[in-house]
Amino acid sequence: MLVVACHLTACPECRHRTEIVEALGGVLLEQLPAAQLTENCLPETLSRLDAPPPASEHRPPPAPPAWAPEPLHRYRLGHWCWIGPGIRQIVVVRKGRSATSARLLWIAAGSALPEHGHSGMELACVLHGSLVDERGRFAAGDFAEADRELRHRPVAGPESECICLVAIDGPLLFAGPAGRLFQSLLRF
Ligand code: ZN
């Protein structure tokens, strides 16, 4: 959802479609018979939501970087970690110890992620710069979806570094010793 929310901040067309779907959802909800809610319904529901990391009481959170769209502002982003030549990452959210996660990738201009396949779904939104792979070029705000069918080697455009938000629900599949080293640095 975080990747989609970031894309929506940059794409009026998808925002418009979302508004239509939400309006339709509202109409359908209004037609449903009312259900009895238990007393604990609201606190239980709230406790299931992903809570952002607690902000320090004394220090105001640092100002979000210019490339970070509004949906990312509720997350305290750590430091960029080196994971390969010209590649850094910040893990934004992660489900337990599994590979299911949303992470920010920083790729130097002209650098590439090693070629990989996908064991599940990969959703990405380019936040800064551009990314080119076997499917074409993705500019800031563009949304890209990959699945088990796709193997690709994303390359940052030559004009600037590329920053993108990527959500995956299974480990990426890298080949060869160098790929497996990269996989361990990604901490899947
Ligand atoms: Zn991929």
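Here is a list of conditions, (1) in contact with a His (Cβ under 9 Å, 6 or more places away or on another chain); (2) free of Cβ contacts under 8 Å to residues at least 60 places away in the same chain; (3) not polar (S, T, N, Q), and Cys164 meets all of them except one; can you say which number that is?
It is condition (2) that Cys164 fails.
If you take the residues of the range 167-188 that are touching a strand residue (DSSP E or B) at 6+ places or on another chain (Cβ under 6 Å) and farther than 15 Å from Pro114 by Cα, which of them is nearest to the ligand (Cβ to nearest atom)?
Per the stated criteria, the residue is Ile168.
List pairs: first residue in the range 129-157 and more than 18 Å from Gly110 (Cα to Cα) and among the acidic types (Asp, Glu), second residue part of a loop (DSSP other than H, G, I, E, B) and within 11 Å of the ligand (Cβ to nearest atom) anywhere in the structure, Cβ distance under 6 angstrom, at least six positions apart or on different chains.
Asp147/Met121
So, in the range 93-126, exactly how many residues are more than 16 Å from the ligand (Cβ to nearest atom) and more than 20 Å from Ser184 (Cβ to Cβ)?
Matching residues across the range 93-126 total 4.
Which of the residues spanning the range 153-172 are surrounded by fewer than 17 Cβ atoms within 10 Å (Cβ to Cβ) and more than 17 Å from the chain's Cα centre (by Cα)?
Arg153, Pro158, Glu159, Ser160
Among the residues of the range 136-148, which ones are within 12 Å of the ligand (Cβ to nearest atom) and in contact with a His (Cβ under 7 Å, 6 or more places away or on another chain)?
Ala146, Asp147, Arg148
Looking at Ala108, Ala51, can you tell me which residue is small (Gly, Ala, Ser) and modelled with pLDDT of 90 or more?
Ala108
The values are calculated or read from the model by the stated rules, or taken from the named source; none is laboratory data. On a predicted model such as this, the values are computed, not experimentally measured, just so you know. When we count neighbours, we look across all protein chains shown, and the Cβ atoms used for this are built from the backbone with ideal geometry, even at glycine.
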